[in-house]
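Asker: A single structure is presented below for examination.
The values are calculated or read from the model by the stated rules, or taken from the named source; none is laboratory data. This is a predicted model, so every value here is computed, not measured. In this analysis, Cβ positions are derived from the backbone assuming ideal geometry, glycine residues included, and neighbour counts consider all displayed protein chains.
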Amino acid sequence: MGLFSKKTKDEAKDVKPKAAKTAKTDAAPKAKVAKTKAVKAPKEKVAKTPAVVADAQVSSNPAVNYSKVILRPRVTEKSSYKADAENVFVFEIAHDANKVSVREAIFSMFKVRPVKVSIARTPSKNVFYRGRSGVSSGIKKAYVYLKEGDKIEIV
């Protein structure tokens, strides 16, 4: 017997089947089993299509303002080296921009189809400058890979 005169699980199992056998007939449990089988029928699964953006699907939409997606080119030593050697261009983008919107913006602004777009975030940091504490803003940047022969002129 359990603590505070509660029945244990084993004792509760012994009591319930005895009461069920005396009160119900054999036909009632069979009907109950049939109902549970109908309720637990497996659901049909719908096959998902992969989200792949082909060249034909990417188009410049005149209703979208792409100047709010791409904020400015990121001109650093690393980005200029990547542009010359690897044909990769770096842009600062909006915080809510994604790869598809960057791809469409590059095509509409520069008329060049990117091969690949990678996105990286630079977190904001606490700084201490001239006796005052502050926060340097974080940015989100996009690495735009182009095929050989394609160029983006940044003036």
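Asker: What pairs come up if the first residue lies in segment 139-155 and is within 10 Å of I106 (Cβ to Cβ) and touching a residue at least 60 places away in the same chain (Cβ under 8 Å), the second is part of a loop (DSSP other than H, G, I, E, B) and not β-branched (V, I, T), and their beta carbons are under 8 Å apart, counting only those six or more places apart or on different chains?
Answerer: A142/A97; I152/L146
Asker: How many residues does segment 122-135 hold that are loosely packed, with under 10 Cβ neighbours inside 10 Å and under 25 Å from the mean Cα position of the chain (by Cα)?
Answerer: The qualifying residues number 1.
Asker: Those residues that are aromatic (F, W, Y), surrounded by 16 or more Cβ atoms within 10 Å (Cβ to Cβ) and out of contact with any helix residue (DSSP H, G or I) (no Cβ under 8 Å at 6 or more places or on another chain), I need them from segment 73-118; list them, please.
Answerer: F107, F110 - these are the residues of segment 73-118 that are aromatic (F, W, Y), surrounded by 16 or more Cβ atoms within 10 Å (Cβ to Cβ) and out of contact with any helix residue (DSSP H, G or I) (no Cβ under 8 Å at 6 or more places or on another chain).
Asker: Then there's this: Quick check on my filter: what residues within segment 123-150 are outside any strand (DSSP E or B) and among the polar types (S, T, N, Q)?
Answerer: S124, S137
Asker: Let me ask another. If S108 satisfies all but one of (1) in a loop (DSSP other than H, G, I, E, B); (2) in the same structural domain as L71 (by TED's automatic domain parsing); (3) of a type outside the set (A, V, I, L, M), what's the number of the condition it fails?
Answerer: (1)
Asker: Write out, first by first residue and then by second, each pair whose Cβ atoms fall under 9 Å of each other, whose residues are 6+ apart or on separate chains, and whose first residue, in segment 106-120, is closer than 20 Å to K68 by Cβ while the second is assigned to a loop (DSSP other than H, G, I, E, B) and among the small types (G, A, S).
Answerer: The qualifying pairs are F107/S59; F107/S60; S108/S59; S108/S60; M109/S60; K111/S60; I119/A97.
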